Amino acid sequence: MNSRPPSPNLQTVRLDSEQLAASGLGLQTHKVVLVVDLVESVRLMAGNEAAVVERWQGFMRFASTCVPEHRGRLVKSLGDGLLAEFDQARDAVRTAMALHSHFIPINKALRPNEQMHLRAGINASQLYVGEHDVYGHGVNLAARVASLGEPGDILVTASVRDGIVDSVDGIVQDMGEMYLKHWPEPVRTWRVHPVQEGQALWRPEIREGVATDFRPSIAVIPFEARNPSPEHFVIGELIADGVIAQLSRSEDLRVISRLSTTAFRGRHASPSEIDERLDAAFVLGGSYTTLGSKVLIMAELTDTRHHEVVWAERLSGDTMDLMEVQSEILGSLCAACAHALLNAEVQRSLVLPLPKLDSNALMLGGITLMHRSTSHDLERSQQLLEAVAERHQRVAAPRAWLAKWHIMKVVQGLCADPASEFRRAISVADRALDLEPSSCMALSIKGHAMSHLGDDLNASRRLLIEATQVNPNAAMAWLYAGFWSCMWGEPADAVNESEKALRLSPIDPQRFYFEMLLANSYLIAEQQTDTIRLCQSSLLKNRYHPPTLRVMLTAQYEIGQHEEARKTLASLLELQPGLTVYQFLSYGSTSPLRQRGAKALAGLGLPTN
């Protein structure tokens, strides 16, 4: 890699209160910082200083218009780089891509040793923002991350990765953790590649002879505020949550998951673009405005295949009505939408959302960190989820996710007694079911934990089937049903159920987890090549997930790719240095799938004890 120390101009500025006042700086503000520098600028200047300066000046003229066009502010030029700040991570990423593209036509006319290439680092944090500069450790980190890049690279930190959507804002590749000079903790980075024209997410094919889901699919995009402010933002989320909760109760509709549709919040994407990414035949969206305690909603249902609006309506009512279990506004909205789609009313049933936005943010943070697959992230996830559960002691959802947390601790190899951890998951799920007996998530998690233990296979299968019946559009329920079939059932069922889960949540933040479990289904169905391909896709999104490495090395070993399997085992042992075959078998019951994994590990030379 081409590396050099960050520019002195980017060193953290420590300001006392008097300096803050003199600089016109107030409280810290959350900002996304983009640092771009010219690779090997010293060598290029030595070769032809005048030409390089002229090209760089042309680039800065381009940047001075490019950055504002992407809703950013060009803070300053750094001689052989630039510094810009944004409110949104996706805007910073798209700006970096546009800046990289500037030199593509220019370089075509230059010899290789004269070509000019950029590298970019992006970080989001709390910063002091002045009229002519930005200050704080976050700027330093962006510069140090940029210095890791190869020519043409865009590297982002975890705070930026959480703010962009894989396959929409770019193709994201996990680069792992590394220590940076003068930085106290290892920093995890991701490389972001542009999405090529026509490049779309892989979707499971509908096989001949397999029952097809003929229900129309619908994606509910969060409604946009016409008078935007933090408190009004919550209303748009409540509308989307309530509509999805009601429509998902109908067995006549296939509703795209909430986590996937959130990716299009505030993007003004066309219905055809949403269809391309989510495979949604219909898109429901719109806007709303508030006046005092009243809310006016403008809703619109679009047929993405025929590019036409099939229904539109204005609804009004009391803002607090959106918090009710039987909301009149959302009930009317869902009934009218369903009538247009199916010529019938959808059964009204609204799941009570978590009552506070802060609590919602805590739970989403806990869910995200749970799937990051490192011990410190898992520990932080537990803290966040327990805080939500304590704050809302009569709400089932945070306890259901806490039950899953105990399972994730086992599958990531981070506990000494897996059987006890699975029983804790069952106990926490039971607490959630005491609060909400029909909780789809709690039913799914309890059934999944029981399937790992293998003590009562019939009961675990009944729980998973009940979860899919409570909510036929619950991607996680179908995913865990597929895993049960992997371990104890029929290979064809495992593939069908796991593929259905991925179709229901095509742009899920935890897509790597979906791909890993689907890879298990392909493995049990003796489709080792598909298994390896899906595992490779999963590892691009999260390279620290031991279960993905275990299923991939099993497939590699079984088809004779022993050298590749040994490399995969080496990666696994970096994450679990004390792993033995006995320890692997202790993660759960000795299902045929687990026995195949143990055989592969032993065949590759892993110690038995």
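The values are calculated or read from the model by the stated rules, or taken from the named source; none is laboratory data. Everything numeric in this text was worked out from a predicted model, so none of it was measured. Reconstructed Cβ throughout: ideal geometry from the backbone, glycine too, with neighbour counts over all protein chains shown.
Every listed requirement among (1) part of a helix (DSSP H, G or I); (2) touching a Gly at 6+ places or on another chain (Cβ under 8 Å) is met by Leu601 save one, (2). For region 273-290, which positions are crowded, with 19+ Cβ neighbours inside 10 Å and of a type in the set (Val, Ile, Thr)? Selection gives Ile274, Val283. Restricting the search to region 452-494, which residues are of a type outside the set (Gly, Ala, Ser) and crowded, with 24+ Cβ neighbours inside 10 Å? His452, Leu463, Leu464, Asn473, Met476, Trp478, Leu479, Tyr480, Phe483, Trp484, Cys486 - these are the residues of region 452-494 that are of a type outside the set (Gly, Ala, Ser) and crowded, with 24+ Cβ neighbours inside 10 Å.
If you go through region 560-598 and keep only what is in a loop (DSSP other than H, G, I, E, B) and polar (S, T, N, Q), you end up with Gln561, Gln576, Thr580, Ser586, Ser589, Thr590, Ser591. Out of Leu572, Leu539, Leu553, one residue alone is of a type in the set (A, V, I, L, M) and free of Cβ contacts under 8 Å to residues at least 40 places away in the same chain. It is Leu572. Just one residue in the set Tyr587, Tyr544, Tyr557 is hydroxyl-bearing (Ser, Thr, Tyr), crowded, with 18+ Cβ neighbours inside 10 Å and modelled with pLDDT of 95 or more; that residue is Tyr557. Could you list, in sequence order, the residues of region 246-301 that are of a type in the set (D, E, K, R), part of a loop (DSSP other than H, G, I, E, B) and modelled with pLDDT of 75 or more? If the condition is that a residue be of a type in the set (D, E, K, R), part of a loop (DSSP other than H, G, I, E, B) and modelled with pLDDT of 75 or more, then Asp279 is the only one that fits.
Residues in region 275-328 that are touching an Asp or Glu at 6+ places or on another chain (Cβ under 8 Å), touching a residue at least 40 places away in the same chain (Cβ under 8 Å) and of a type in the set (Val, Ile, Thr): Val283, Val295.
Can you name every residue in region 420-454 that is part of a loop (DSSP other than H, G, I, E, B) and either closer than 20 Å to His392 by Cβ or free of Cβ contacts under 8 Å to residues at least 12 places away in the same chain (or both)? If the condition is that a residue be part of a loop (DSSP other than H, G, I, E, B) and either closer than 20 Å to His392 by Cβ or free of Cβ contacts under 8 Å to residues at least 12 places away in the same chain (or both), then Glu436, Pro437, Ser438, Ser439 are the ones that fit. Inside region 158-203, residues that are in a strand (DSSP E or B), among the polar types (S, T, N, Q) and at pLDDT below 90 make up a count of 0.
Considering (1) within 37 Å of the chain's Cα centre (by Cα); (2) at pLDDT 90 or above, the lone condition that Val52 does not fulfil carries the number (1). What single numbered condition from (1) modelled with pLDDT under 75; (2) part of a helix (DSSP H, G or I) fails to hold for Leu352? Looking at each condition in turn, Leu352 falls short on (2). Would you mind finding the one in Val411, Val395 that is closer than 22 Å to Thr548 by Cα and at pLDDT below 85? The unique qualifying residue is Val411. Name the single residue that is farthest from Glu49 (Cα to Cα) among those in region 96-116 being in contact with a Leu (Cβ under 9 Å, 6 or more places away or on another chain) and assigned to a helix (DSSP H, G or I). Step by step, filter region 96-116, then rank; the result is Ala96. No other residue among Tyr544, Tyr557 is under 17 Å from Leu572 (Cα atoms) and outside any helix (DSSP H, G or I) apart from Tyr544.
Of the candidates Ile164, Ile154, the single residue that is of a type in the set (Val, Ile, Thr), closer than 25 Å to Ser571 by Cα and buried (at least 17 other Cβ atoms within 10 Å of the Cβ) is Ile154. Residues in region 456-484 that are more than 26 Å from the chain's Cα centre (by Cα) and either part of a helix (DSSP H, G or I) or in contact (Cβ under 8 Å) with a residue 40 or more places away in the chain (or both): Leu457, Asn458, Ala459, Ser460, Arg461, Arg462, Leu463, Ile465, Glu466, Gln469.
Can you tell me which of Ser41, Ser101 is assigned by TED's automatic domain parsing to the domain that holds Asn140, closer than 22 Å to Ala142 by Cα and either free of Cβ contacts under 8 Å to residues at least 24 places away in the same chain or buried (at least 18 other Cβ atoms within 10 Å of the Cβ) (or both)? Result: Ser101 is the single residue among Ser41, Ser101 that is assigned by TED's automatic domain parsing to the domain that holds Asn140, closer than 22 Å to Ala142 by Cα and either free of Cβ contacts under 8 Å to residues at least 24 places away in the same chain or buried (at least 18 other Cβ atoms within 10 Å of the Cβ) (or both). If I ask for residues that are at pLDDT below 85, surrounded by 16 or more Cβ atoms within 10 Å (Cβ to Cβ) and under 20 Å from Arg254 (Cα atoms), which ones from region 302-329 would you list? Scanning region 302-329 gives Asp303, Thr304, Trp311.
Residues considered: Ser332, Ser359. Of these, the only one that is surrounded by 16 or more Cβ atoms within 10 Å (Cβ to Cβ), assigned to a helix (DSSP H, G or I), among the polar types (S, T, N, Q) and modelled with pLDDT of 75 or more is Ser332. Only a single item in (1) crowded, with 23+ Cβ neighbours inside 10 Å; (2) in contact (Cβ under 8 Å) with a residue 40 or more places away in the chain; (3) within 23 Å of Cys415 (Cβ to Cβ); (4) not hydroxyl-bearing (Ser, Thr, Tyr) is not met by Leu518, and it is number (3).
Exactly one residue out of Ser260, Ser270 is of a type in the set (Ser, Thr, Tyr) and exposed (fewer than 15 other Cβ atoms within 10 Å of the Cβ): that is Ser270.
Against the test of being in contact (Cβ under 8 Å) with a residue 60 or more places away in the chain and over 17 Å from the mean Cα position of the chain (by Cα), the options Glu490, Glu526, Glu499 yield a single qualifying residue, Glu499.
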